[in-house]
1. Which ones in the range A:146-182 are out of contact with any Lys or Arg (no Cβ under 9 Å at 6 or more places or on another chain), farther than 25 Å from A:ALA5 by Cβ and among the hydrophobic types (A, V, I, L, M, F, W, C)?
2. Got a number for residues in the range B:140-151 being surrounded by fewer than 21 Cβ atoms within 10 Å (Cβ to Cβ) and in contact with a strand residue (DSSP E or B) (Cβ under 6 Å, 6 or more places away or on another chain)?
3. Out of (1) outside any helix (DSSP H, G or I); (2) more than 8 Å from chain A (Cβ to nearest Cβ); (3) over 30 Å from A:GLN54 (Cβ atoms); (4) not small (Gly, Ala, Ser), what's the single condition that is false for B:PRO81?
4. Of everything in the range B:33-63, what is at the interface with another protein chain (Cβ under 7 Å from one of its Cβ atoms) and out of contact with any helix residue (DSSP H, G or I) (no Cβ under 7 Å at 6 or more places or on another chain)? Give them in sequence order.
5. Report yes if some residue within the range B:155-173 is within 19 Å of B:TYR97 (Cα to Cα) and either free of Cβ contacts under 8 Å to residues at least 24 places away in the same chain or more than 14 Å from chain A (Cβ to nearest Cβ) (or both); otherwise report no.
6. Can you spot a residue in the range A:53-68 that is closer than 21 Å to A:GLU140 by Cα, outside any loop (DSSP other than H, G, I, E, B), touching a Lys or Arg at 6+ places or on another chain (Cβ under 8 Å) and modelled with pLDDT of 95 or more?
7. When you scan the range B:70-77, do you find a residue that is of a type in the set (A, V, I, L, M, F, W, C), more than 7 Å from every other protein chain (Cβ to nearest Cβ), in a helix (DSSP H, G or I) and under 26 Å from A:GLN54 (Cβ atoms), even just one?
8. For B:HIS30, are the conditions met, namely being more than 7 Å from every other protein chain (Cβ to nearest Cβ) and not in a helix (DSSP H, G or I)?
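The values are calculated or read from the model by the stated rules, or taken from the named source; none is laboratory data. The model shown is predicted, which means the values in this text are computed figures rather than measured ones. In this analysis, Cβ positions are derived from the backbone assuming ideal geometry, glycine residues included, and neighbour counts consider all displayed protein chains.
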Amino acid sequence: MIPQAPELNALLLRVASARDRAAFAALFSHFAPRVKAYLIRLGAPAALAEDLAQEALLSLWRKAHLFDPAKASAATWLFTIARNLRIDAMRREKRPEWEAEDFIPGDMGGAEDLLALADEEMRLRAALKELPPDQVQVIELSFFADKPHSQIAGELGIPLGTVKSRLRLAMARLKRALGDAE
Amino acid sequence: MIRHHPDEALLLAYAGGASDEATALILATHLAYCQACRARMAKLEAIGGGLLQDLAPAQMSQGALDAVMAKLDTVLPFERPPRPVSRDGTPDVLRRYIGGDLEQVRWRSMGSRLSYLPLFRRGSVTARLLRGVPGAETGMHRHGGQEYTLVLKGGFTDATGSYGPGDLQVMEGELRHNPVADPGEDCINLAVTSGRLKFETLPHKILAPLFGF
């Protein structure tokens, strides 16, 4: 049984609060091989993927105090760390990122509270597995191809409009699965 | 109130890490203004987390865990770099590219009513700031590629609608428009374009290439 979101979040919170090395080792054993697989999917040579996976987990150790389980699950939080490391290392660009302190007050239109995403991770993963294959494909390529959707469309031999409508359909299904009324 | 948002594909490309730097900058700046899209973004990133969880693990090298454990005591906890104080509410993510606040920009003039500041160019994609006095027209144009425009101050109107602070306009290809700065204060936009703009009228046709548009 692989550890699930609540358990992984709890381990990460132990790292944050107590610098718990055993908790870190458990997170490393679970996540490092997955981050390495993610980087290999995106075209990193195995040696670079190994280095970046180690670096991502070291970042997790250094940044654990910034983790907020009300905003993201441990997996999602680490995904964003790995994503940004990859952009830095493989594309040699910075990733411009908005920061929470950046928030410009005054826009309350369409405001919705950030959901407690951690608890939803299992439902989200189950819903992803239920999507039709053509929708899963465009979602996966959005995360694993490092290409704009126009190029993804070209390689799949379908119009960009079709890629976009598949994404919209997929997102609508995922939101429904998460019980979002929109 | 923000009415014009990035579509699912654009935001998903940013969440997945596929956006080029200029597009990422304009989306990050939109997020600084738009709470609704920050919530959308959190959900899209959660899909990334879900996919990561379900990837078949790759074998780490022998001793990888020990090597990293040995480093834990040598690294310092991450500290956010001190944040410069913006005097006019310029989002930090944009400040880093401008090198200061919007009110500190040294505008380059392009005629009497429009001015601009190039931020950076990567391949065929350019990020720049544009400023127009009330009533200033960009000139009717089509697009060699995509044109993303984010209003930072003031507003503009064209045949597709009206845009105010935080609104993101996406134009591409054969869509034509002639944005006109709204009355009141100057309109300041962040614009990201790929390919050249194709102006239809003189003198824009002649002048635009001189300014790199």
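1. Matches in the range A:146-182: A:ILE152, A:LEU156, A:LEU160, A:VAL163, A:LEU169.
2. First, the residues of the range B:140-151 that are surrounded by fewer than 21 Cβ atoms within 10 Å (Cβ to Cβ): B:140, B:142-146.
Next cut, in contact with a strand residue (DSSP E or B) (Cβ under 6 Å, 6 or more places away or on another chain) only: B:142-143, B:145-146.
Count: 4.
3. Among (1) outside any helix (DSSP H, G or I); (2) more than 8 Å from chain A (Cβ to nearest Cβ); (3) over 30 Å from A:GLN54 (Cβ atoms); (4) not small (Gly, Ala, Ser), the lone unmet condition for B:PRO81 is (3).
4. B:TYR33, B:CYS34, B:GLN35, B:ALA36, B:ALA39
5. Looking for residues that are within 19 Å of B:TYR97 (Cα to Cα) and either free of Cβ contacts under 8 Å to residues at least 24 places away in the same chain or more than 14 Å from chain A (Cβ to nearest Cβ) (or both), one finds none in the range B:155-173, hence no.
6. yes
7. Checked the range B:70-77: at least one residue is of a type in the set (A, V, I, L, M, F, W, C), more than 7 Å from every other protein chain (Cβ to nearest Cβ), in a helix (DSSP H, G or I) and under 26 Å from A:GLN54 (Cβ atoms).
8. On the way: more than 7 Å from every other protein chain (Cβ to nearest Cβ): yes; not in a helix (DSSP H, G or I): no.
Judged against the criteria, B:HIS30 is not a match.
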